[in-house]
Amino acid sequence: MEAVSNKVYHDTVVIRLIQFSVIWALLAMLGGVWLAAELIWPGLDFGQYWLSFGRLRPLHTNGVIFGFGVSALMATAFYSVQRTSHVPLFLPRLAWFCCYAWQLVVLLGGLSLLAGYNTSKEYAELEWPFDIAIAIVWVCFGVVFFGTIAMRRIRPIYISNWFYGALIIVIAMLHIVNSLALPVSPTQSYSLFAGAQDAIVQWWYGHNAVGFLLTGGFLGMLYYFLPKHAGRPIWSYRLSVLAFWAFVYSYIWAGPHHLHYNSVPEWVQSLGMVMSVVLLAPSWATMVNGIMTVSTAWEKLRTDPALKFIVLSLAFYGLATFEGPMMSIRSVNVVSHFTDWTIGHVHSGALGWNAMITYGTFYFMAPRLVGGELYSSRLANLHFWLALAGTMLYIVAMWAAGVSQGLLWLSVDDIGELSFDFKDIMASMVPYYLLRLVAGLIFLAGTFLMAYNLYMTVRGRPARRAVPPAVAPAFGVSR
Amino acid sequence: MNGMWLHRKIEENTGLLIFGILFVSAIGGLVQLLPILEQDSLETAAGNTRPYSAIELTGRDIYIREGCSVCHSQQIRPLIAEVERYGPYSRAGEFVYDRPFLWGSKRTGPDLHRIGGKYTDDWHRIHLLDPRAVVPGSIMPAYPWLARREASAAGDITAKMRGLRRLGHPYTDAEIAGAEAELEDLLEIDALIAYLQMLGTGLGGEDGQ
């Protein structure tokens, strides 16, 4: 055991990734607020092509998912894989390469989107040179992660690592297949698939980018940080095993629910729908497991803003994973498809689940990484209420907008004539869009508070030298 | 429990875990994607659907560049209200030359699949440069730069058409050789309008417009 304690966890790279993640959160959410304003005042692009809605919108989604989200996932994966394997990172220099190379890809990729280099495939908008760069960094991420696990000093691989592992493997598979394209210039390529086939491939990717990145990856975060924070072991290990494999198996089928009533064969729509409903089971199994884990530690919620964020994120996770299967039922989807309801659903996941669990985790990690206290618990508490208010307001505004759009578009009178003009329905959205703008501003203000709070917490402090604790001989691996 | 014993094996072996995840996650995709990619009817052009001309292709790439598909779908569902509002519902065979597909996922603005021929070129020109001049209350952005840039500057049209031919689009040598000449003296806005005007006109036959 002596040899182990000489080694120190590589935590500086974790701190750097958190810093990048927060910067992306601010930039990408600011972009989102700007977009929300453009939908009310279209002149806000000032005639500048790079501020135009169609170019700024992919920057917003890519910035949130790949800038904020993936940086946070890399940070937490590197943090937790060391602590659950009781060894420092495998190839720490490669970890640093992942950290900076990823930021460069997101930065240059974001600029390329503003320049109009865009494949138009949702969440895969970046053109082929970036696709190749992403694949390279992703493989390096996998080498560091699985290398660390392979070097571990403890026999079982802890469950959070299965989820991070699924994130790395499945996203690699999806990314490579969906990005298959023939380059015709350094900035443009044509998809190898066409029309209906391209649509099926894209939503197999698109839905599972949500599934394995925004759900699976962040469940890895949940399975490590929730028990750690609550000071309780996971409530049911068996349930987590079951939920994991059910999740990995069933999520991948759900993509075609994005194509209900579209020009694709009906069997694939029905299959996508059924499997989306099935998906409710593993999703809620995980939620129940999480809730039961904190159920004996409720008193911590009163004093600990970080845990509050994580528990609330679990509630939004439950909401979004219930709403998703409902929206994938054809008769519901006929109303919700193409409307702002989809936007609301995405944000109940992205704000309520992804952002909140990340915020909670950052509040938890930052003081521990530098061996100090959080700069201000009061600010973190204020942030909690801003985040909750912003998310709720956002979802409610988009529900109202989306359901009205869906119903009004489909409405026909007694003799089968359309009841409403598209223009009039669109014009009636202004109040909802205003509400959404306010909601976004509130959420963004909270994020700014966190950025300041975290900055003051880690400012001028190096990473604390953390060493792996001894492993109980019953679970140890002799290497 | 037997299953848990098996799982103990998996969770103590990095290789098994990686293989397990890859295997289990691949099943659904294989079952759905392989039959779809093998289904010939999804690759058979409907009616008089044809590959985009040099000008239309340039317009389509501008449509993609400006992110039009972020707010406009190109997919009319087989529902009474949609068919009444937009025209005949979309068929898979109309999209066989669409790389990538542009069905979209959001209708902030109306669907555009059957926009071709509904308005005049002049209407589109005014609308793209100042949407609120023709549609009061519209929240569509204006695209003034489209009227300033040459269509030929929006990428190498010869390379694009050659690339698409390699992917199976039946362009003739003459079409490819004459592509650059076709774009001469055109602005980006002209190419975009040419694309919009041919959208959804490929159905032909009794279902056509």
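Just a few scattered comments:
- Hits in region A:423-450 (condition: in contact (Cβ under 8 Å) with a residue 40 or more places away in the chain, farther than 13 Å from A:A387 by Cβ and part of a helix (DSSP H, G or I)): A:V430, A:Y432, A:Y433, A:L434, A:L435, A:R436, A:L437, A:V438
- Residues of region B:58-75 classified as at the interface with another protein chain (Cβ under 9 Å from one of its Cβ atoms) and in contact with a Gly (Cβ under 8 Å, 6 or more places away or on another chain), total: 10
- Which listed residue is in contact (Cβ under 8 Å) with a residue 60 or more places away in the chain, surrounded by fewer than 24 Cβ atoms within 10 Å (Cβ to Cβ) and over 25 Å from the mean Cα position of the chain (by Cα), from A:L379, A:L407, A:L386: A:L407
- Single residue of region B:143-165 satisfying the filter (more than 7 Å from chain A (Cβ to nearest Cβ) and of a type in the set (K, R)) that is farthest from A:S191 (Cα to Cα): B:R148
- Of the residues making up region A:36-54, those that are surrounded by fewer than 19 Cβ atoms within 10 Å (Cβ to Cβ) and more than 20 Å from B:R148 (Cα to Cα) are A:A37, A:I40, A:W41, A:P42, A:L44.
- If you go through region A:343-361 and keep only what is touching a His at 6+ places or on another chain (Cβ under 9 Å) and polar (S, T, N, Q), you end up with just A:T361.
- The residues of region B:32-57 that are facing another protein chain (nearest Cβ under 10 Å), over 15 Å from B:F95 (Cβ atoms) and surrounded by 15 or more Cβ atoms within 10 Å (Cβ to Cβ), listed by number, are B:Q32, B:L33.
- Qualifying positions in region A:109-150 - among the small types (G, A, S) and in a loop (DSSP other than H, G, I, E, B): A:A115, A:G116, A:S120, A:A124
- Among all positions in region A:301-317, there is at least one residue which is away from chain B (no Cβ under 14 Å), surrounded by fewer than 20 Cβ atoms within 10 Å (Cβ to Cβ), more than 30 Å from B:L112 (Cα to Cα) and at pLDDT 95 or above.
- Any hit, region B:79-95, residues being assigned to a helix (DSSP H, G or I), within 17 Å of A:F422 (Cα to Cα), among the aliphatic types (A, V, I, L, M) and more than 7 Å from every other protein chain (Cβ to nearest Cβ): yes
The values are calculated or read from the model by the stated rules, or taken from the named source; none is laboratory data. Just so it is clear, the structure is predicted and the values come from calculations on it, not from any experiment. Cβ: placed from backbone, ideal geometry, glycine included. Neighbour counts: every protein chain shown.
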